[in-house]
Amino acid sequence: MTQQIALRPGDETPLQMLDRTVAELADDPLVHWFETPLSARRIDLLADGLAVALQDQGVTRGDRVALYMQNDPQYLIAMLAAWRLGAIIVACNPMLRRRELAHLLEDSKPVAVIALNEILDTARQAMQHVIGVRVLIGTGATDLREDCTRPESDLTPAGVHDLVTLAERHAGAAYDRCAPAPENVAVLTYTSGTTGPAKGAMNTHANIAFVSRLYREWLGIGRADAILGISPLFHVTGLTAHIGLSLASGAPIVLAHRFDPTVVAGLIERHRATVTVAAITAYIALANHDAASAHDLSSLRRPYSGGAPVPPAVVEFLRARIGLTIRPVYGLTETTGPCHICPPDIDPPLDPETGALSVGPAAPLTRARIVGEDGETLEAGEVGEVAVSGPQVVPGYWQRPEESAAAIRDGELLTGDVGVIDEEGWLYLVDRRKETPTGKILRRELRDSRPVT
């Protein structure tokens, strides 16, 4: 079963969505950074100013720009600035240590690295043996707070270029603005590397725009909404369900640097946040904290969770404890977000064999099937590998043609996940193919291991 919405692939880019949203919002907020509102016009001007500064430093179309930052407005500004030069973002987890970050930088070879001041030393160390990095820019987490004082020069005390000072100093200046094509790579989002070294999925502008509009249409999000931005922005969830959804809908993003239950509960109430997609652990942490009962969370009418299976007992616990009905979404880095998503007002069914909660039907314009060992399509109710095709599937991995060809065949992604699709089209996940026996044995083991009630 698929919800009927109007959606077309490949006819818009995130920058085009931004231009439309800036024209509509003007001085209305596009970002709420804690209590500080940042208007769409200001975000737009700062992105242009930083683009001028990056272009002056030689950044051009096709270059990579690494972002090593938390959920702060500067992440959005830096991303937009790089895109306006036709550059590709390298999304780096700010929790990465030197060796892990060095692998990403060596693999992507960025010409610029933009990092939070508190982790600049790690960035410097990771850059030491990477040839071609010409620009290092730092930023403080509080630099866009209303009472923050900017340095007199464009350099921080550490001798690194300062992001906000550069952006403000060059705002309004002319530069060679680029208009990336939908098929151009927008972001390299690195996989976890559980089956080998982390590799960069090439999320295109078309991938991001499609998923962003999917969230907007599927969840019914508009300017009257507010997006709680608690998923990491370096992850595809933060990229599309937070940044992309905001650009597509005009709904402001509520950012809070890092997840903290007390802070998040207060921001939900203050900004009347209506939608978010977050790890189930974030909801559990919120429910187990005193802040849940101290603040009004009732505005959050579209809370979704992805990244890990959601047990039915946890759904019931969260509904009883904080009044939120969590619905699942399923996707991968290689699908730029959801390939399956539960309709907003329908409780997903349980698989009678395993007791697993469904992650939803296939998203619009998305084809999902279950394949056997020889790649044959299995019947409804049979267990095998989940294979997905659609406008959200990436073209491949950065500079890894063999791995790309093995994982993505004629536009269809072999996810490595084991699942079953029922007669109604609902997908139930079982486990990872690479770490388990055959589907039949796994299904029997899961069924037999369910607690007796």
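The values are calculated or read from the model by the stated rules, or taken from the named source; none is laboratory data. Not measured: the values here are computed from a predicted model. All Cβ positions, glycine included, derive from the backbone under ideal geometry; neighbour counts span all protein chains shown.
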> Counting just the residues of region 133-156 that are modelled with pLDDT of 90 or more and among the small types (G, A, S), which one comes out surrounded by the most Cβ atoms within 10 Å (Cβ to Cβ)?
Replying inline: G138
> Just one of I230, I208, I221 is among the β-branched types (V, I, T), assigned to a loop (DSSP other than H, G, I, E, B) and within 16 Å of the chain's Cα centre (by Cα); which is it?
Replying inline: I230
> What is the residue count in region 389-429 for residues that are under 17 Å from E373 (Cα atoms), aliphatic (A, V, I, L, M) and in contact with a Ser or Thr (Cβ under 6 Å, 6 or more places away or on another chain)?
Replying inline: 0
> So which residues in region 178-205 are within 20 Å of Y330 (Cβ to Cβ) and outside any strand (DSSP E or B)?
Replying inline: T191, S192, T194, T195
> So which of R327, R301, R258, R319 is of a type in the set (K, R) and out of contact with any strand residue (DSSP E or B) (no Cβ under 9 Å at 6 or more places or on another chain)?
Replying inline: R319
>> Given the condition modelled with pLDDT under 95 and among the β-branched types (V, I, T), answer yes or no: does some residue in region 197-210 qualify?
In response: no
> So which of I284, I280 ends up being surrounded by fewer than 21 Cβ atoms within 10 Å (Cβ to Cβ), touching a strand residue (DSSP E or B) at 6+ places or on another chain (Cβ under 8 Å) and either among the β-branched types (V, I, T) or farther than 27 Å from P348 by Cα (or both)?
Replying inline: I280
> For region 190-220, how many residues meet the condition of being of a type in the set (V, I, T) and surrounded by fewer than 22 Cβ atoms within 10 Å (Cβ to Cβ)?
Replying inline: 3
> If you scan region 29-83, which residues turn out to be in contact (Cβ under 8 Å) with a residue 60 or more places away in the chain, under 25 Å from M127 (Cα atoms) and outside any helix (DSSP H, G or I)?
Replying inline: Q57, G58, V59, R61, R64, L67, M69, Q70, N71, D72
